[in-house]
Structure formats: C-alpha cells, structure tokens
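> Quick one: this structure, given as structure tokens, is what I'll be asking you about.
The values are calculated or read from the model by the stated rules, or taken from the named source; none is laboratory data. Everything numeric in this text was worked out from a predicted model, so none of it was measured. Note that each Cβ is placed from the backbone with ideal geometry, even for glycine, and that neighbours are counted across all protein chains shown. Side chains are part of the model used for accessible areas, which takes the heavy atoms of the whole protein and leaves out ligands, DNA and RNA. Shrake-Rupley method; radii C 1.70, N 1.55, O 1.52, S 1.80 Å.
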Amino acid sequence: MSHFDFDIIIIGAGVGGLTCGALLAQRGLKVLVVEKNRKVGGCCTSFRRKGFTFDVSVQSIGECHRGGRIWRLLDRLELLKEIQFVRLEPAREYHFPDRKISQYSDLDSHIDHLSSQFPKEFKGIREVYSTFGRLFREIMEMPPSLDWFDTKTFRSRYPLYYRWKDKTLQDLLDQLIVDPKLKTILSVRSSYALMPPQWISLVAMSSLEMSYFEGGVYCVKGRMETFPRLLMKKLIQLGGQVLTNQQVTRILVEGRKAFGIRTGKGVEYTGRVIVSNCDATLTFCGLVDEGVLPSRFLSRLKGMKPSFSYYISYLGIEGSLDEELPCTNNEIFSDYDLLVEYDALSKNQLLSNPSFYLLAPSLVNPDHAGEGLSTLCLSLKVPFAYSRTWDDDVRKDLSQRLLEKASRMIPNLRDRIVVMADSTPMTIERMTNNRWGSAYGWAQYPRQAGIYRLNRATPIEDLYLTGHWTSPGGGISAVVASGEITSDLIWNRLSG
Ligand SMILES: Cc1cc2nc3c(=O)[nH]c(=O)nc-3n(C[C@H](O)[C@H](O)[C@H](O)COP(=O)(O)OP(=O)(O)OC[C@H]3O[C@@H](n4cnc5c(N)ncnc54)[C@H](O)[C@@H]3O)c2cc1C
C-alpha cells in the first residue's frame, strides 16, 4: 500500500493535462487533477452571452480524421460516439492586397493551384511540399516515449531532421523559391504559430502544414469545450478525481524530488508523480524554489520566449452571413511582407494597418446563434506589453479598428451588432496563467522547437511537464500528443 494520497497529481486541466490524466487513469493509476478555474479546458473553453455561444480561443483543430491523433485518443478512451467533428473545406481563405488564396486540404490540388499562378516556380513549389512531407514523416516515425535524442544514432536515423533542425522556413524558401509574394503565400500558415517565416522553425512548420494537409481542419460540432469535458468525464469514470476552483500554489519538493502539492486553501496532497500542465515559468519560478534547479536550466528558461497573443472581439449579430462570407475562416493580410508586422509586435507596437482574422463560427455551428442571427470572431495578433493596463480605451480602440476592417467585407456590420465581448492578452493570462497571454507556449523558434523544446522530464525528480510548454508545442493536436507521450513516459517509469 502506497503512503501517497495519489499516484499522479496533475496541475491544470487543460487538454494536455486531461489527456495525460485520462490515459494514466485508464492504466489503473490513481489520478488527481487540480484546476484553478471553475471549468476545465484551459484555452479550450466556451462562453454564452445573451443567447449567443462563443468558443473563447480555439476555433479549429487538426488530426480529427479517422486515424488522426485526436481520433485515436478518442478511440482509445471509447469516446468516439460522444463527439462529432465538422470538416472545414476550404480550411481558410487568405486575402492579400491583390489576390485571394483558398486553402483546401488536398495537397495536389493546392500545388496545382499555386503553380498555375506562379508557373515558373512549379518545381520549387513541389520541392517545398516534398521537404515538408519527408520531414513530417521522419517526425512521425520518432518513437513517442523515447527521449527523442539519442545523440549517437540521431543523425543517421533522422537525416533530414538533423539537416534542418536549426533552420527556419525562410531558409528553405530562399533555396527553392524566387518570387517574394510566393514565399509569403507558402508561409501563410506560420501565422497559426504567430510567427513570420523568418523566425519559425522549419521542423515546426512542416508538422503544422502537413498535419493539416494529411487530415484536414475541423471544428467540434457544438462547443469546443465538449472535448475537454469529455476527457474529464472519462477520467472520473476511470476512478480519477478532478478538483476545480483550486489553485495550486506550491509543488512540494524534498531535496530535488517532488512529492506533492499545496493549494491556495492550504490543503496538501501527496503523489508519487507530479505533472505540471501550467505555464513553465510559473512552474519553475513560482511553484518551486528556483534554488533547487540547476543554474544552467534556470538561465536557459529565463532566456526563452513565449509566443505572442491575441486581442479578440466576439460579436453576436443580426442576419445571416451566407452571402457575405462563403468561407468560415478568413485571414486578411494588408501586405506581403509579414516580417514588418512581427518586428512591430516585438517592439510592443501594432502597425497602423495590421493583418487580422475574421471567423464566422455560426456558419459551421448554427446553434451558436438563434434563428436569423450569426456570430463573428475578429482578432489581431498582439503582444502583452502593447498596453500596461488593457483598460477600456485601449480595448475600444482595437475593437473599433477591427470593426472598421470587417465592415469592408460585411456591410452595415456596426448596425447589426446585438452583443459584443472581448478578450485581451491579459484576459488570457488571467484565465490560463499562461505568461503574457501566450497562445502557444514557447514560440517555435528553431532553438525552442522539436528536440530543443523544454524536456517533459524536468531536473526535479518525479516532476514532469505536459501541454504546450513542452514538446511538440502549441495547438490542440500537439498538446494531445504531449499528454500521450508524458503518460507513456510516466507509465514506463512507474511500471518498469
Ligand atoms: C486565442 C487563442 C486561440 C487559439 N486558437 C487555436 C486554434 O484555433 N486551434 C488550435 O489547435 N489551438 C489554438 N490555440 C492554442 C491552444 O489553445 C493551446 O495550445 C492549448 O489549448 C494549450 O493546452 P494546454 O493543455 O497546454 O494548456 P492550457 O489550455 O493553457 O491549460 C492549462 C490549465 O492549467 C490551469 N492552471 C494554470 N495554473 C494553475 C495553477 N497554479 N493551479 C491550478 N490550475 C492551474 C489553467 O487554468 C488551465 O486550465 C489558441 C490559443 C489561444 C490563446
């Protein structure tokens, strides 16, 4: 009989924490998940306002197709019958000053479409996608619970990965493509990670791009939060416990070994293994004493950069959007030079005419709005330090800028508004504890991506990470992967 209260204690009920918890509970371990919010799901939650439903953050996800990562998790937990996905085709429309690109899931048609617009670059376009595809296959072949990094065999087993692991997307494009506009068009999905091609790791970009081409892009039918709620339900059915409204304020450590947690209410629980699903800086510089960490680890951690965040305006409006918006997800670029905008963001500024996103969730989920009504989600990339206070004036300015832009596609938009709500990087930070409202954990620079991402096994014995601050990175399918890999690692350690 163990003298611990639980086998596993997980701090945070984001999708990464719940995936890890449900899989370990399925293996018979006694699991406790402690969540500071009233609801589980972290970034993946929803809210209602005046009869309209809005998904807070996550709008669309990959890997829901048969055999995809999320499908496999639901299958393994026998939850497939309890959730439905709606496929988005095209996944998104990208509007540039002089053209519109619709991104369908079929890669060959996409290559043909781009080649017809840039006939001289046909070979380069093919080669770009061939490199993405080959890199993605190498990544997929990496054994999940192996510590990816066996330095002796790594180079020969994963030659392409080895060649490109320190490079950016731009490095590849500069070798294969001449036309700068085409380079931008081939980079559009790097905005899913809030980075320009000059900064994003090629390895990260290949996974992002190919996972969507292999399986398409989906929404959950109903609300996004159905997914984490199902994971919680399963975890409880399997004997696990979920405590909500309880902030963890301390990870209990003796020597360099974690053995429990303390909540804000002063209650302590002990566990054989502690898993943090919350912000990595909070974990290492708030929940434990920095003094127990090796100085090299700590100085690396303090030099790492989180991804940018979003300002989001949620609108409930009168009328349908079928005619104005044939596509659910639209991204509008005011320029082909993506770097200019990100350079401004890194100086905590916004361009006078920044790019923006215009999503119409009720086109996919009509029940988000009543009869004859619709929902819209308008957003901009923003850094946390764009404003110190994020007060009403700042928010009003941003929402008005978004409305003005969206009105070019949806006439009379202002007159049609029934309800309006918003969210800033500060809201996201408050909601999730993710530092600076980071949307995707560490930004996917080459030095923070793939094998360089923060290891799930930490310098503190029996303390592990799951979620978007460890590998593979941000986004729902990636944090599901992280939950699976961390659960395997812990299972191997406890059963070995
Ligand atoms: C605005 C926005 C839009 C996005 N859009 C998409 C999208 O369309 N598609 C996509 O795939 N991804 C999207 N993402 C990214 C995706 O939502 C995240 O990468 C993913 O949800 C992170 O999951 P996680 O489990 O790592 O952590 P989180 O979702 O951050 O969950 C962490 C949990 O830990 C809890 N917690 C933190 N500290 C404590 C504590 N001390 N004690 C107890 N509990 C604590 C938090 O309350 C939270 O519930 C978006 C993110 C944002 C912010």
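> May I ask you to work out the translational diffusion coefficient for the range 213-360 at 20 °C, viscosity 1.002 mPa s, via Stokes-Einstein with Rh from the Kirkwood sum over Cα pairs, reported in whole µm²/s?
It diffuses with D of about 104 µm²/s by this estimate.
> Can you tell which of 241, 295, 282 lies farthest toward the positive end of the dipole of the range 207-303, using +1 and -1 charges on the Cβ of basic and acidic side chains (Lys, Arg; Asp, Glu)?
Towards the positive end, the residue furthest out is 241.
> Computed over the Cα atoms of the range 306-432, what is the ratio Rg over Rh, Rh following Kirkwood?
Computed over Cα atoms, the ratio is 0.97.
> Which residues among the range 18-62 fall inside the zone where the amide N is under 20 Å from a point 7 Å beyond the Cα of residue 237, along Cα→Cβ?
Those under the cut-off are 18-33, 40-41.
> Mind checking the dipole of the range 306-432: about its Cα centre, +1 per Lys or Arg Cβ, -1 per Asp or Glu Cβ, Debye to the nearest 20?
It comes to approximately 360 debye.
> Please state, as a whole number in µm²/s, the translational diffusion coefficient that the Stokes-Einstein equation yields for the range 52-178 at 37 °C and 0.692 mPa s, with Rh defined as the Kirkwood radius across alpha carbon pairs.
Result for D is 181 µm²/s.
> Suppose we keep just the DSSP beta bridges with both residues in the chain; what percent of those would be antiparallel, to 5?
Roughly 70 percent of the DSSP beta bridges within the chain come out antiparallel.
> Here is a follow-up. Kirkwood-based Rg over Rh for the chain (C-alpha set), two decimals?
Rounded to two decimals, Rg over Rh is 0.95.
> If you don't mind, another one. Relative to the Cα centre, what is the charge dipole magnitude of the chain, using +1 at the beta carbon of each Lys and Arg, -1 at the beta carbon of each Asp and Glu, and rounding to the nearest 20 debye?
1160 debye
> Moving on. Distance in nm between label sites at residue 296 and residue 404, each 7 Å beyond Cα in the beta-carbon direction?
Distance between label points: 5.2 nm.
> A follow-up question, please. So for the pair residue 495, residue 123, with labels modelled 7 Å out along Cα→Cβ, what separation do we get in nm?
5.2 nm
> At residue 367 and residue 256, where each label point lies 7 Å from the Cα along Cα→Cβ, what is the point-to-point distance in nanometres?
Result: 5.2 nm between the two label points.
> Something else: Measure off, as a whole percent, the carbon and sulfur share of the 1.4 Å-probe accessible area of the range 373-417, all protein chains present.
45 percent
> Dipole of the chain (Lys/Arg Cβ +1, Asp/Glu Cβ -1, origin at the Cα centre): which of 459, 417, 390 lies farthest to the positive side?
Toward the positive end, the furthest listed residue is 459.
> OK, next. Roughly speaking, what is the stretch gain from residue 415 to residue 352, that is 0.36 nm per residue apart minus the C-alpha to C-alpha distance, in nm to one decimal?
Length gained, residue 415 through residue 352: 20.2 nm.
> Over the chain, what is the relative contact order in percent, taking alpha-carbon pairs closer than 8 angstrom and at least six residues apart?
This gives 24 percent for the chain.
> Mean projection of the alpha-carbon convex hull of the range 104-214 over all orientations, in nm²?
7.1 nm²
> Now for a separate question. Determine the alpha carbon to alpha carbon distance for each of 39/265; 167/257; 183/302; 183/347; 123/405 and list only those over 28 Å.
Over 28 Å Cα-Cα: 167/257; 183/302; 123/405.
> Tell me, what is the FRET efficiency for residue 100 and residue 80 to the nearest 0.05, using R0 = 41 angstrom and their Cβ-Cβ distance as r?
0.70
> Calculate the tail of P(r) for the range 1-71: the fraction of all Cα-Cα distances greater than 19 Å, expressed in %.
Considering the range 1-71, 51 percent of its Cα-Cα pairs are separated by more than 19 Å.
> Continuing with this model, one more query. Relative contact order for the range 104-214: what is it in percent, counting Cα pairs under 8 Å that are at least 6 residues apart?
Averaging sequence separation for qualifying contacts and normalising by length gives 36 percent for the range 104-214.
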